[in-house]
Amino acid sequence: VRLAQLLGKRVLDRTGRDLGTVHDVRLVRDGPEIGSFGAAFRVHSLVVGGGAIGTRLGLERKQVRGPWPLKALLGRRHAERISVHWRDLSSIEERVVRLRSVVREGTTRVGPSHERPAGATLEAGLQLLDRQIVDSQGRMAGKVDDLELAFAGEPGAPPSVVAILAGPGALAHRLGGRLGLWLDSIQRRLADDAAPARVSFGVVKGIDNHVEFSIARDDLDVMRLERWVRDRLISRIPGS
Amino acid sequence: MSLAWVVVVGVIGIVLYAEMSGRVAAMSGRPVFDVIRERLGARVALADLVASLLINLMTVTAEIAGLALVIQLVTGVNYLLWVPMAAFAVWVVIWKVRFSVMEKVFGITGLLLVVTAVGVWKLQPDWSALLTLASEPARIGVSAHLLLLRHRVARRGHDSVRGLLLLVRGRGGALDPGGSHAQPSQRLPWVPIGRRPVARDHDGGGADLEAAGHRSRAPVADGAARGRDRGHDRPRAAVHRNVRGDLQRRARDIALDGVHPRAVPRVAVGEVRPAAEAARFHGVVLASVIVAVGVALTTIDPVEVTEYSIVFSAAALPLTYAPILIVANDPDYVGAKTNSIVANAIAFTYLILLVAVAVATIPLAIWTRAGA
């Protein structure tokens, strides 16, 4: 499953009551070891609620204090957010996510485990998605266009983040609609295989306001288009 | 001069914007566009990217045609013949010259525009008349200022100041490169065309902004002056040409912004790395220059192209400004250097202003037929 497939889905409780949409996915770093990154991020809970603009703009977090008119207008919904623990999910369908429990009005935490997560937490949509990737030599190596989540271990255990998907193939699904289809078909024509470029999360060295890799970008699949343009156009012009 | 107040409003706004995006870029190492995507999402960011690419394409077109027009003024050879050569020269600069060199060379030569300000001062114009004109609010909003510039300057031209042309031609003949075969009407004062130091936002300096302000204000007086000098027979043509010159300069200013995404940190493409390291960047540059030449060769009026590009950038501006304003308040990006309350108050006022301008600008452009 991909992160972008979870974001934006409607969430219904057992009685079918609509709780809002999935705004973000909270990750906690206590999953299985992955590459040189160490413990992987695994899905902890879904952040669910109505009205997404304030979340999208990052205005809801406490440390952002201004500008106050925007904060007052868009940033006050944090109390209305519901945190749904992964283990409370009963099914993930095409448009909706169904929960096991019945959620009463005013509940902010749903699921078995209410204790604070042990490892470092991250809101994937806000703090990981769309970030710049920088390679070991400080060169740009694409954007985090999507994250690949994989299930491991016992059934029902939360998935962990195993790979970063980058490039037009991953972006096409994010854009959706006709534009998405169009972009996807172009990238299928240019690339030999249809799958979007994928980089294991094991090569991540650090996550700041950008994602740093411990390897050079040259051999990465992410640079497919760059290599294509270089080999067919730029390197043929004198002075390149 | 009746729209000179707009320059003041604009300069304050640009100082605010440049300071915030400079701070974000310096503290986080992230350019403006990254912030737009991180905060507004992939779809909006893509729309923003396509819009700015088109706007930049328009300004590059105007720049190349403008460059060719200037060479026409000097040589008397039709500008359409110069368009491909001007485009080639622009491309070679981007292809081979290091960004830091470009920035310095064009920044320093841009200072030569001080000549215009000195020229106006030397003319000893009727300052009170100028002031009256300068303080009169425009009838139509801020966004329309450039659209109306030509028209208004032409209409008011007679009443304001004596001719700058007189100064430069009469006393400073040596400055005129017009050549003996140029028709009198083609002989324009030699105003060196410089390029503003490319405002990569993390080092957008005050002097630079001041110069930009000067530059956009001075030609208004200058145009008015020339209109007067020429008497009542062809003031409009003279003013038109003069404002055109200014717009060309401005187009060139903007065009370099166009090919070098604003506020790109030093690791960015096209700066210190050979072209093969930034293949997609140079691919886009090459394609843009080719398309620009094609459009310019249709004999489209470069002034109009510039006007429309400004209208569209006004419409797209809030999409850039709003995320920067929000992120300048976010400690994840700027650490302890978040906006002060005062900065936020002014910046938020400008956000409202920009949204109003963005909403109004395209209908106004249609309504006024782009000031025609």
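The values are calculated or read from the model by the stated rules, or taken from the named source; none is laboratory data. Predicted model, so just to flag it, every value in this text is computed and none were measured. Neighbour counts are summed over all protein chains in view; Cβ atoms, including those assigned to glycine, are modelled from backbone coordinates with ideal geometry.
Residue-wise test of (1) in contact with a helix residue (DSSP H, G or I) (Cβ under 8 Å, 6 or more places away or on another chain); (2) aromatic (Phe, Trp, Tyr); (3) free of Cβ contacts under 8 Å to residues at least 12 places away in the same chain.
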| position | (1), (2), (3) |
| --- | --- |
| B:ALA4 | yes, no, no |
| B:VAL15 | yes, no, no |
| B:ALA18 | yes, no, no |
| B:ALA25 | yes, no, no |
| B:PHE33 | yes, yes, no |
| B:ILE36 | yes, no, no |
| B:ARG43 | yes, no, yes |
ask   = Restricting attention to the stretch A:193-200, does a residue exist that is closer than 23 Å to B:LEU46 by Cα and surrounded by fewer than 18 Cβ atoms within 10 Å (Cβ to Cβ)?
value = yes
query = Residue check: is A:SER113 modelled with pLDDT under 80, of a type in the set (S, T, N, Q) and assigned to a loop (DSSP other than H, G, I, E, B)?
reply = yes
query = From the residues in the stretch A:222-236 that are within 9 Å of B:ARG280 (Cα to Cα) and buried (at least 18 other Cβ atoms within 10 Å of the Cβ), which one is modelled with the lowest pLDDT?
reply = A:LEU225
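This table checks each residue for (1) within 14 Å of another protein chain (Cβ to nearest Cβ); (2) crowded, with 17+ Cβ neighbours inside 10 Å; (3) in contact with a Gly (Cβ under 6 Å, 6 or more places away or on another chain).
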position: B:ALA51; (1), (2), (3): no, no, no
position: B:ASN56; (1), (2), (3): no, yes, yes
position: B:VAL70; (1), (2), (3): no, yes, no
position: B:LEU73; (1), (2), (3): no, yes, no
position: B:ALA87; (1), (2), (3): no, yes, no
remark   = Wholly inside the stretch A:165-240, helices (runs of 4 or more DSSP H) that include 1 or more residues that are away from chain B (no Cβ under 12 Å) and touching a helix residue (DSSP H, G or I) at 6+ places or on another chain (Cβ under 8 Å) are A:168-175, A:177-190
request  = Kindly state which helices (runs of 4 or more DSSP H) lie completely within the stretch B:74-176 and contain at least 2 residues that are touching a helix residue (DSSP H, G or I) at 6+ places or on another chain (Cβ under 8 Å) and modelled with pLDDT under 75.
outcome  = B:127-135, B:145-156
query = Here are B:SER21, B:SER28: which of them is of a type in the set (S, T, N, Q) and away from chain A (no Cβ under 14 Å)?
reply = B:SER21
key: Hey, B:ALA4 under 22 Å from the mean Cα position of the chain (by Cα), at negative phi and surrounded by 22 or more Cβ atoms within 10 Å (Cβ to Cβ) or not   = no
inquiry  = Can you find a residue that is surrounded by fewer than 18 Cβ atoms within 10 Å (Cβ to Cβ) and hydrophobic (A, V, I, L, M, F, W, C) anywhere in the stretch A:161-174?
reply    = no
inquiry  = Suppose we filter A:PRO117, A:PRO158, A:PRO112 for residues that are more than 12 Å from every other protein chain (Cβ to nearest Cβ) and touching a Phe, Trp or Tyr at 6+ places or on another chain (Cβ under 6 Å); which single one remains?
reply    = A:PRO158
task = Please work out which residue is nearest to B:TYR333 (Cα to Cα), limiting yourself to the stretch A:109-127 and to residues that are of a type in the set (S, T, N, Q) and surrounded by 14 or more Cβ atoms within 10 Å (Cβ to Cβ).
result = A:GLN127
request  = Please indicate, with yes or no, whether at least one residue in the stretch B:350-358 is under 18 Å from B:MET20 (Cα atoms), touching a Lys or Arg at 6+ places or on another chain (Cβ under 9 Å) and not aliphatic (A, V, I, L, M).
outcome  = no
message = within 20 Å of the chain's Cα centre (by Cα) and modelled with pLDDT of 85 or more: which single residue out of B:VAL355, B:VAL295, B:VAL327 fits that description?
response = B:VAL295
task = Tell me, yes or no, whether the stretch B:61-77 has at least one residue that is within 30 Å of A:ARG178 (Cβ to Cβ) and in contact (Cβ under 8 Å) with a residue 24 or more places away in the chain.
result = yes
task = Kindly indicate whether B:ILE36 is aliphatic (A, V, I, L, M), within 30 Å of B:ILE346 (Cα to Cα), part of a helix (DSSP H, G or I) and in contact with a Pro (Cβ under 8 Å, 6 or more places away or on another chain).
result = yes
request  = Mind listing just one residue for me: the one in the stretch A:134-149 that is within 21 Å of A:GLN5 (Cα to Cα) and not in a loop (DSSP other than H, G, I, E, B) and, of those, modelled with the lowest pLDDT?
outcome  = A:GLY142
remark   = For the stretch B:295-345, the count of residues that are of a type in the set (S, T, N, Q), assigned to a loop (DSSP other than H, G, I, E, B), more than 12 Å from chain A (Cβ to nearest Cβ) and in contact (Cβ under 8 Å) with a residue 24 or more places away in the chain equals 1
